[in-house]
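Scroll down for the structure; my scribbles are underneath it.
The values are calculated or read from the model by the stated rules, or taken from the named source; none is laboratory data. Only a predicted model underlies this, so the values are computations on that prediction, with no experimental measurement involved. Please note: Cβ atoms are built from the backbone with ideal geometry, for glycine as well, and neighbour counts cover all protein chains shown. Keep in mind that these areas ignore ligands, DNA and RNA; they rest on the heavy atoms of the full protein, side chains included. Shrake-Rupley method; radii C 1.70, N 1.55, O 1.52, S 1.80 Å.
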Amino acid sequence: MSKVAFISLGCAKNLVNTEQMMALCRDAGHTLLGAPEGADVVVVNTCGFIDSAKEEAIDNILAMGELKKQGLVRKILVTGCLSQRYRNEIAESLPEVDGMLGTGSYGEIVPAIDELLHGGAPQRFGSIHAPIEELDRVITTPPYTAYLRIAEGCDNHCAFCVIPSLRGKYRSRQWENVLAEAEKLAASGVKEIIVIAQDITRYGTDNYGRRRLPELIHALCRMDFHWVRLHYLYPDEFDDELIDAIASEPKVLNYLDVPIQHCNDRILSAMNRRGDKAYLLALFRRLRARIPGLVLRTSIITGLPYEGEAEFEELCDFLREVKIERAGVFPYSPEEGTRAAQMENRVDEEEARRRAELLVDVQSRIMDEYNERMQGEVVEVLCEGFDAASMGFVGRSYAESVDIDGKIYFSAERDCAAGEFVRVRITGVMDGELTGEAVEEDET
Ligand code: SF4
């Protein structure tokens, strides 16, 4: 058997694919390495949906190419969205790549590695619409946190997005498989379960003919998790049943990730997004009314077709009004193969980037207001360990998700273990991140 290393790029959904490939290799008897040096095969599981992600993937492949020249890596296998989208271009322009798997062939990692090590050049591109393979995982997140991917693909077909053409049609996992995996994660000591998919609100509509996310939320809350975190909630799929499920379950964090991309009616319609500005405003008002202390996260694209100065100002005003606490802001990059890329009426990428920077400024002022509001509050923090730089502990409250939000740095009279929930009084801000001190159970 061989030594295999993995590099996982892109979103949390792609990380789950990496974890599945790692488990297949482990079960086949391969040795999993924590770093590429010394690997017989390095698998670069790529993202490829926007320019910056493509650049990162190519940089990683070239870096592995350098290691290969130095004899520190034998073979390079590229998997995921970049190979799914650009298999021919990769074959032509990246000779260091020895093999490729598409997003419909993660399950073929072991025979692909075998073929590689016997001098072959595997090119496996199964159907991206194929039924979901239920595969085990090597959890790569800390033992107290894990992602639970409940579906694959997307049917929303936003005009600017290539994901449906890379990940296929929306396919929910079978209910019993999702619950079985969740039970296993809870039994393994996971305390924070993060529910993900391209769009979790659609869960069950394809294979059960109805939305089952509210039921799933209640089911996860009956398990031994401490926190249930929800990501990728499509705005117009919120109904009372879903809001009730979120508001009524104490384990469900008052932190909701609701990507809106924009707020202008004409742009939303041109981008094939359902719901208009009035709907979004009403939705966020409803959510804030029903869920106390709600922290909202969203994704926004600047420079989309039909976005003039007025529409951009409208977007800034919308953020100032709704005060969304967390936002990923992306300058629009026209992706070949999308309808939006055919649309003429748009600013150049430099202007899209300039607007993204301006929007980040607007956002940072909203975050400053939030940090100010948190002063003196006592929050429950999931400790992630000791932080040498601040000579204290670091962690996250309900308002900070993994990898995409900031941290909370806190001092404590006693040692705090990674994975422990600690009550922390917020006492300050450091570089935009909250700081505090641990307080005992009975202190308020
Ligand atoms: S919801 Fe829209 S932006 Fe998100 S993955 Fe689906 S098509 Fe892409």
Taking into account only those residues within segment 115-168 that are more than 9 Å from the ligand (Cβ to nearest atom) and polar (S, T, N, Q), which is farthest from the chain's Cα centre (by Cα)? GLN123
Considering every residue within segment 246-254, establish whether at least one is open to solvent by 40 Å² or more (accessible area, probe 1.4 Å), within 18 Å of CYS161 (Cβ to Cβ) and either at pLDDT below 95 or not in a loop (DSSP other than H, G, I, E, B) (or both). no
Determine, yes or no, whether ASP224 is part of a loop (DSSP other than H, G, I, E, B), within 15 Å of the ligand (Cβ to nearest atom), at negative phi and open to solvent by 10 Å² or more (accessible area, probe 1.4 Å). no
Can you pull out every residue in segment 175-200 that is among the acidic types (Asp, Glu), touching a residue at least 12 places away in the same chain (Cβ under 8 Å) and either in a helix (DSSP H, G or I) or more than 16 Å from the ligand (Cβ to nearest atom) (or both)? GLU181, GLU183, GLU192
Over segment 405-424, the set of residues open to solvent by 50 Å² or more (accessible area, probe 1.4 Å), part of a strand (DSSP E or B) and not hydroxyl-bearing (Ser, Thr, Tyr) is ARG423
Looking across segment 257-273 at residues that are touching a strand residue (DSSP E or B) at 6+ places or on another chain (Cβ under 7 Å) and more than 8 Å from the ligand (Cβ to nearest atom), the single one that is farthest from PHE312 (Cα to Cα) is ASP257
Could you go through segment 425-433 and let me know if any residue there is more than 30 Å from HIS262 (Cα to Cα), of a type in the set (A, V, I, L, M, F, W, C) and modelled with pLDDT of 95 or more. yes
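If a residue has to be small (Gly, Ala, Ser), in a strand (DSSP E or B) and crowded, with 22+ Cβ neighbours inside 10 Å to count, how many in segment 390-404 make the cut?
Number of matching residues: 1.
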Would you check which residues across segment 232-251 are under 18 Å from the mean Cα position of the chain (by Cα) and either among the aromatic types (Phe, Trp, Tyr) or farther than 18 Å from CYS158 by Cα (or both) and list them? TYR232, TYR234
Sort through ALA23, ALA5 and tell me the only one that's on the phi < 0 side of the Ramachandran plot and either out of contact with any strand residue (DSSP E or B) (no Cβ under 8 Å at 6 or more places or on another chain) or surrounded by fewer than 16 Cβ atoms within 10 Å (Cβ to Cβ) (or both). ALA23
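Which ranges mark the helices (runs of 4 or more DSSP H) fully within segment 42-155 that have 1 or more residues being at pLDDT below 95, open to solvent by 60 Å² or more (accessible area, probe 1.4 Å) and farther than 30 Å from ALA186 by Cα?
Of the helices (runs of 4 or more DSSP H) lying wholly inside segment 42-155, those with at least 1 residues that are at pLDDT below 95, open to solvent by 60 Å² or more (accessible area, probe 1.4 Å) and farther than 30 Å from ALA186 by Cα span 51-69.
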Would you call TYR203 touching a residue at least 24 places away in the same chain (Cβ under 8 Å), within 18 Å of the chain's Cα centre (by Cα), surrounded by 18 or more Cβ atoms within 10 Å (Cβ to Cβ) and away from the ligand (no atom under 16 Å from the Cβ)? no
Here is a check on your reading of the model: is PHE284 away from the ligand (no atom under 15 Å from the Cβ) and within 30 Å of CYS221 (Cβ to Cβ)? yes
All positions within segment 362-389 that are open to solvent by 20 Å² or more (accessible area, probe 1.4 Å) and hydroxyl-bearing (Ser, Thr, Tyr): SER364
Name the residue that is farthest from the ligand (Cβ to nearest atom), counting only residues in segment 230-245 that are at pLDDT 95 or above and open to solvent by 40 Å² or more (accessible area, probe 1.4 Å). ASP244
With respect to SER172, determine if the residue is more than 10 Å from the ligand (Cβ to nearest atom), closer than 20 Å to THR18 by Cα, in contact with a Lys or Arg (Cβ under 8 Å, 6 or more places away or on another chain) and of a type in the set (Ser, Thr, Tyr). yes
I'm trying to understand the selection: among the residues of segment 321-342, which are touching a Lys or Arg at 6+ places or on another chain (Cβ under 8 Å) and either assigned by TED's automatic domain parsing to the domain that holds ASP405 or not small (Gly, Ala, Ser) (or both)? ILE324, GLU325, ARG326, PRO331, TYR332, PRO334
Criterion violated by ASP403 - all others in (1) out of contact with any helix residue (DSSP H, G or I) (no Cβ under 9 Å at 6 or more places or on another chain); (2) modelled with pLDDT under 95 satisfied: (1)
When both residues are 6+ apart or on different chains and their Cβ atoms are under 6 Å apart, which pairs have a first residue that lies in segment 139-156 and is hydroxyl-bearing (Ser, Thr, Tyr), and a second that is within 16 Å of the ligand (Cβ to nearest atom)? TYR147/ALA12; TYR147/VAL16; TYR147/ILE196
(1) in contact (Cβ under 8 Å) with a residue 12 or more places away in the chain; (2) over 26 Å from the mean Cα position of the chain (by Cα): which one isn't true of ALA418, the others all being true? (2)
